[in-house]
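Read through the structure below, which is laid out as structure tokens, and then see the notes.
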Amino acid sequence: MKILVTAVYLLAAVNGLRLLKSLPNNGPVRSGPVRSGPVQSPQKALVLHTYVFGDLPPLFDAFLKTVEKSGADLVIVGDNAPEKLPENVRHHKVSWEGLVQETERIFSLAPGTLATLRGAPRYKVCDLKPFAHVMFPSLIKKYKFFGWVDNDVFLGNLDPLIERLRKSHADFDTGAPFKESFGPISVMRNTPVMSNLTFIMDSPEKRERIVRGVLHSPKTQGFAEWGGKANIRIGDSMTGFLKEAQNTHRIKMKFGFPIMNDWWCHAEAKAAERRLWQEEVQTGTGKGMGSEVSRQSGCRCDVDLTGKRTSIRTADQHEVMLCHLQMGKGLKSLAKVDLNAEKWSYSYPAGIH
């Protein structure tokens, strides 16, 4: 019996060798990735959106020049944009009426409900910053991270911000060191929770609070930040909703990437707010505009476009990711920037305070 089994195994081995010899010789076998369909292009890192309705804002061309080397893409959402745009900038054209209709849609309102919003000044669009990607999902479809940015800014090198986002696994990251949502720039991870704002939009009660307190008011309510004394309370702002979502473990937050904001250099800024800013920035992300040298010399940012990325430095040469000019708040008008130059400085003499 053992002899019979051995013979069977030998016969199988001989047949196997004959089969191998009959196969074509294509060289050594190389391992490689298993592909189950067409190769997908990799996700891009970060896209920001900014609203423009009506005339282009002052220094908008300078803003775009800094965006071009920022490391992020930009979408201009609105009814106006320059004819020539950098390669990393595109225009999502929509009229004011179209934006209002989309707002009614995502808030499950009957057409024509938001009559006050239709007639509101275009600056009112600031309250809609957090909702652009909900209205227009295609804006963020190919990106790992997304957010909004004001266009009265110079945008610096955002590579460190993108790396910070990747390492922290935060769902929402903000330039403000003391509040959850920051109007000039805030960024999010592209997850179903953040892309759909489910912690807001899945609640009829929360949507109603926004409709009643924000969308039915012709005045900008500071919704994209934390409201204010004359506006909605903080619990009905984006900061309030984010805080609640974080406290219920639906999202993870991160605060205080370095920016330069001339509001903090303004002579009327409160001493307590200045101290808080200094403490938070110095202990959190480095000096930024928290340094005394910058305060004593006023607000100044030096923009350099000669390298691979835009470089923005404060008066004491600390690099920041964004210089917010606060033009929308009606502060001091700015001198024109020479767009043919590769370097320029912005100064706002705030004095020593």
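The values are calculated or read from the model by the stated rules, or taken from the named source; none is laboratory data. This structure is a prediction, so every number in the text was calculated from the model and none was measured. Cβ sites come from the backbone with ideal geometry, for glycine too, and all protein chains shown count toward neighbours.
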Item to check | Scope the stretch 206-243; condition surrounded by fewer than 17 Cβ atoms within 10 Å (Cβ to Cβ), in contact with a Lys or Arg (Cβ under 9 Å, 6 or more places away or on another chain) and among the charged types (D, E, K, R); matching residues | outcome: Lys219
Checklist outcome for this item: In the stretch 202-257, anything within 25 Å of Arg189 (Cβ to Cβ) and in contact with a Gly (Cβ under 6 Å, 6 or more places away or on another chain) is listed as Gly222, Ala224, Glu225, Ile234, Asp236, Ser237, Gly256, Phe257
Checklist outcome for this item: Across the stretch 185-205, the tally of residues that are buried (at least 18 other Cβ atoms within 10 Å of the Cβ), aliphatic (A, V, I, L, M) and either without any contact (Cβ under 8 Å) to a residue 60 or more places away in the chain or touching a strand residue (DSSP E or B) at 6+ places or on another chain (Cβ under 7 Å) (or both) stands at 5
Checklist entry - Looking at the stretch 325-353, which of its residues are crowded, with 18+ Cβ neighbours inside 10 Å and at pLDDT 80 or above? => result Trp344
Checklist entry - Which one is nearest to Ala170 (Cα to Cα), of the residues in the stretch 114-155 that are out of contact with any His (no Cβ under 9 Å at 6 or more places or on another chain) and of a type in the set (Ser, Thr, Tyr)? => result Tyr143
Next on the checklist: Checking Thr220 against (1) more than 21 Å from Lys254 (Cα to Cα); (2) modelled with pLDDT of 95 or more, only one condition comes out false. Which one?
Outcome noted: (2)
Item to check | Those residues of the stretch 171-207 which are modelled with pLDDT of 90 or more and assigned to a loop (DSSP other than H, G, I, E, B), in sequence order | outcome: Asp171, Ser181, Asn190, Thr191, Leu197, Asp202, Ser203
